[in-house]
1. Which is the longest stretch in chain B that no exposed loop site breaks, taking sites as trypsin sites (Lys or Arg not before Pro) with a DSSP loop state and at most 16 other Cβ atoms within 10 Å?
2. Once you average over the residues of A:40-51, how many Cβ atoms of partner chains fall within 10 Å of each Cβ?
3. Between A:Phe208, A:Thr50, A:Trp105, whose Cα lies farthest towards the positive end of the dipole of the protein assembly as shown when Lys and Arg beta carbons carry +1 and Asp and Glu beta carbons carry -1, centred on the Cα centre?
4. If we sort A:32-44, A:5-17 on the protection proxy, mean other Cβ atoms within 10 Å, highest first, what's the order?
5. Membrane-span-like helices in chain A: DSSP H runs reaching 27 Å or more (Cα, own axis), mean Kyte hydropathy at least -0.5?
6. If you take each beta carbon of peptide B:40-50 and count the beta carbons of other chains within 10 angstrom, what is the mean?
7. What Rg and what Dmax come out for the protein assembly as shown when only alpha-carbon atoms are used, in angstroms?
8. When the C-alpha atoms of the range B:33-127 are aligned to their principal axes, what extent does each axis show, in angstrom, from largest down?
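Read the figures in this text as sums done on the coordinates, not as results from a lab. Values in this document were obtained by computation on a predicted structure and should not be read as measured data. Quick reminder, even Gly has a Cβ in these numbers, built from the backbone with ideal geometry, and neighbours come from all protein chains shown.
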Amino acid sequence: MPDLPDPTTLAIPAFVVLVLAEMIAARMRDRSRYCPRDTLTSLALGLGSTVSGVLTGGLFIIIALWIYQFRLFDIGYVWWAFILAFVLDDLAYYWVHRAGHRIRWAWAAHVVHHSSQHYNLSTALRQTWTGFFGLTFIIKLPLFLIGFPPALVAFVGGVNLVYQFWIHTETIGRMPKWVEAVFNTPSHHRVHHATNPRYLDHNYAGVFIVWDKMFGTFTLELDEDRPRYGIVRNLGSFNLIWAATHEWIGIARDVWSAPWGSKFGYIWREPGWSHDGSRETSTMIRARWEAGGTTTGDTSVRSP
Amino acid sequence: MNWEQLAGSLAAILVLAWIARLMKLGESRISDPARACELAEDMLVGFEAKRAIVSEDGGAAIVAGNGTIALLKRHGAQVAVRRLIPPLRVREAIEGVAIDTGERLFGAVTLTGVLVEDVRGLEIGVGSHLRAVPN
């Protein structure tokens, strides 16, 4: 078995240099693209995610190795296996990511990445501490059953993550047409991070945007509808622990207070679902907007 | 990741945040009532802004809408919003008024240079009345 490097760890120095370069660009073009406290929160969440990844990664490896013993093919580490695994892992990533937005339990883990109202390279590093508990890794398990070695899958998954770093920027407008047609780009991913109704729950791709086109979740960024970033109900707080756990706490509160027949709905239904229709899902927000509204955002109405 | 990498990453994080501060990144303000109305309409589904009051320091605003009030606060270089149903919980603060959102982590929002009467007047336009909370 070859000793494959961890692409994410290797890329950390480049991440730091590129964040610094983007800060300088922001200083010259638009100072509002960065905020020191937001950057600190994002980077601290990223570091915490790395630590939690070390703690829970062992569990994932145990599960992967257990499944790998039932593999259908002995693929090994041949060159074409890396390419094929990269493509299939990216397909799996698409569904992991889509589940992360459409199932509240998984969203509770993933929401952290979307909770910044800024969109810059530091946002890319704003990652979850509870990814393992979101359980979406289950979608990747068939790769081991097919016969891709767990170390190989971890390697291509790392490359995938490193690729996704550079697309978290407003500094780059649009890439050449052929790139925009095939790959996930800053423009496509700005759409994904936007809360504008037309953009909500679109462009789940990791590397290849073709998955969104194939499965009907692709939307182009429009110059006349500039993305507004964050989540439908923005946190309004830089509290690190709150950013990492707020949706889990929200689920716990909802499950506790919901009638018995509706409790599980707050776990497996889409974010924004409620048993009494008092909240709005992204589908409902978009429908309301398509029906004539021109606005977007926080749907919660509360009396203090 | 080993301990050296962890310590290095932590140091890099602090240095980057410090540099962002040195560069004075993230400075912004809600410039005027028209901008506050625009932000509220952009961020709240179906919100139709009628009138706004902006904090003297540009750090917050309230916007009267169709039956609800948008409470805006500067959050870093961006603006976070909550839609509130009147009557609002308002109390006098040394520098202006503080409006309670009912959320501990979002916190009460202070509008400097604004009087309780100003908020009360804006709330009347929404079709409800104010409930003041003692300090």
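1. Details: sites that count: B:Lys24, B:Arg29, B:Lys50, B:Arg104.
Longest site-free region, per DSSP loop and neighbour criteria: B:51-103.
2. Details: counts 7, 2, 3, 7, 4, 0, 2, 6, 0, 0, 4, 3.
The per-residue average across the peptide is 3.
3. Checking the options against the dipole of the protein assembly as shown, the answer is A:Trp105.
4. Details: A:32-44: 23.5, A:5-17: 15.1.
Result, highest mean first: A:32-44, A:5-17.
5. Values: long enough: A:7-29 (31 Å, 1.37); A:36-68 (44 Å, 1.22); A:79-102 (35 Å, 0.38).
Answer set is A:7-29, A:36-68, A:79-102.
6. Working: counts 3, 5, 8, 9, 7, 16, 11, 5, 3, 1, 0.
That works out to 6 on average.
7. 22.9, 76
8. Sorted largest first, the three principal extents are 34, 31, 24 Å.
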